[in-house]
């Protein structure tokens, strides 16, 4: 189609021609994250995948199982000899960078009467709802003056991860830790940079600064590093702060510097509220995702909630803090949530099929992340939807892996579910 989505269809097996069409949906892009010391160019270099026990991993980069597994499953279903109704396959673009494929999908393109999304990351769970969200871009004009001998301070070694699925893990945010360091050593910033993707918790950040007393600043940084390591000893055991002396040509003026540091310290990050409807589900969160400096300071915040008014509230908080610092805020277009439908016919067949195969009930869940199902369902008018997938750990980070045995079960279940829908709908 116009935005680059690919749509394919397969005729029904004999005898199932009049059954309703199933749309299987996945996305073709991946998050391109790598460790700083890995010389990898995602535009041309192949992912170096390897098998480690029951897992497939990549060497120093994201693996792309999110959502390469979904793409592979769709391609396999095109050739499977399992009995099936008419099938439709929707491969979307740019899910990870704004869901432009889902938003750009033309309403009359999709013929299916139900949708099975293949972008979930926990086998044995069937997802029936997701959070909506939006980004806030914060801009602050900068003024500089002459610098001098100073320090380069880098926060490294953090786990990071998906800013929706893994926001409840309590992991450190490199930008927030760096801001705390700068606040406590009375630093004047020459440059600051951290984070990359809006939907990834920042793993690394650095700043060049000048301070009144370099040795005292180094001592304070060591003290704070020890405190950080204690705070995050479980979630981020490899956390470290690196310091080296460097020449800083220019630094922010005192008033602008104070605004930048206090804004970064004050902006929220992490879980804001837990769901009162679904036990253990994050209702509202925000991710301080990125900071960069050129002529202006640019901060990216990514907020999510399953309740629209709660999303309004956290974005109002972000705007208020930014405007107090003299910054302007641009709010991006929102993506809709997906309201759970516990009485869905598709869900009941999916539950029955799972129990028949494995002798137990699947877990029925909603996810604190944006799934394309919310956008596509609203756009094309489908309310019979579920999302499934194999076990994928640490998506959006170089630690991403997929469990091989869960992929085998996922494929078995997907074929069985396709057959059951053909026979029972």
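The values are calculated or read from the model by the stated rules, or taken from the named source; none is laboratory data. This is a predicted model, so every value here is computed, not measured. Note: ideal-geometry Cβ built from the backbone for every residue, glycine included; neighbour counts use all protein chains shown.
With (1) within 20 Å of residue 147 (Cβ to Cβ); (2) part of a helix (DSSP H, G or I) as the list, and residue 263 as the residue in question, which single condition is left unmet?
For residue 263, the exception is condition (1).
Conditions tested, residue by residue: (1) closer than 18 Å to residue 162 by Cβ; (2) surrounded by fewer than 17 Cβ atoms within 10 Å (Cβ to Cβ); (3) touching a strand residue (DSSP E or B) at 6+ places or on another chain (Cβ under 7 Å); (4) free of Cβ contacts under 8 Å to residues at least 60 places away in the same chain.
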site: 34; (1), (2), (3), (4): yes, no, yes, no
site: 40; (1), (2), (3), (4): no, no, yes, yes
site: 50; (1), (2), (3), (4): no, yes, yes, yes
site: 69; (1), (2), (3), (4): yes, no, yes, no
site: 78; (1), (2), (3), (4): no, yes, yes, no
site: 90; (1), (2), (3), (4): no, no, yes, no
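Test residue 220 against the stated conditions and say whether it is surrounded by 13 or more Cβ atoms within 10 Å (Cβ to Cβ), in a helix (DSSP H, G or I) and either at pLDDT below 95 or in contact with a helix residue (DSSP H, G or I) (Cβ under 7 Å, 6 or more places away or on another chain) (or both).
Judged against the criteria, residue 220 is a match.
Considering each of 41, 37, 94, 66 in turn, give the residue that is assigned to a loop (DSSP other than H, G, I, E, B), under 29 Å from residue 134 (Cβ atoms) and assigned by TED's automatic domain parsing to the domain that holds residue 401. Give the steps one after another, and end with the answer.
Numbers: 41 fails: under 29 Å from residue 134 (Cβ atoms); 37 fails: under 29 Å from residue 134 (Cβ atoms); 66 fails: assigned to a loop (DSSP other than H, G, I, E, B).
Result of the check over 41, 37, 94, 66: 94.
Considering each of 271, 265 in turn, give the residue that is surrounded by fewer than 16 Cβ atoms within 10 Å (Cβ to Cβ), in contact with a helix residue (DSSP H, G or I) (Cβ under 8 Å, 6 or more places away or on another chain) and assigned by TED's automatic domain parsing to the domain that holds residue 174.
265
All but one of (1) surrounded by fewer than 15 Cβ atoms within 10 Å (Cβ to Cβ); (2) farther than 23 Å from residue 98 by Cα; (3) at pLDDT 95 or above hold for residue 331; state the number of the condition that does not hold.
If we test residue 331 against (1) surrounded by fewer than 15 Cβ atoms within 10 Å (Cβ to Cβ); (2) farther than 23 Å from residue 98 by Cα; (3) at pLDDT 95 or above, just (2) comes out false.
Looking at residue 386, is it in the same structural domain as residue 29 (by TED's automatic domain parsing), surrounded by 20 or more Cβ atoms within 10 Å (Cβ to Cβ) and touching a residue at least 24 places away in the same chain (Cβ under 8 Å)?
Here the answer is yes, as residue 386 does meet what is asked.
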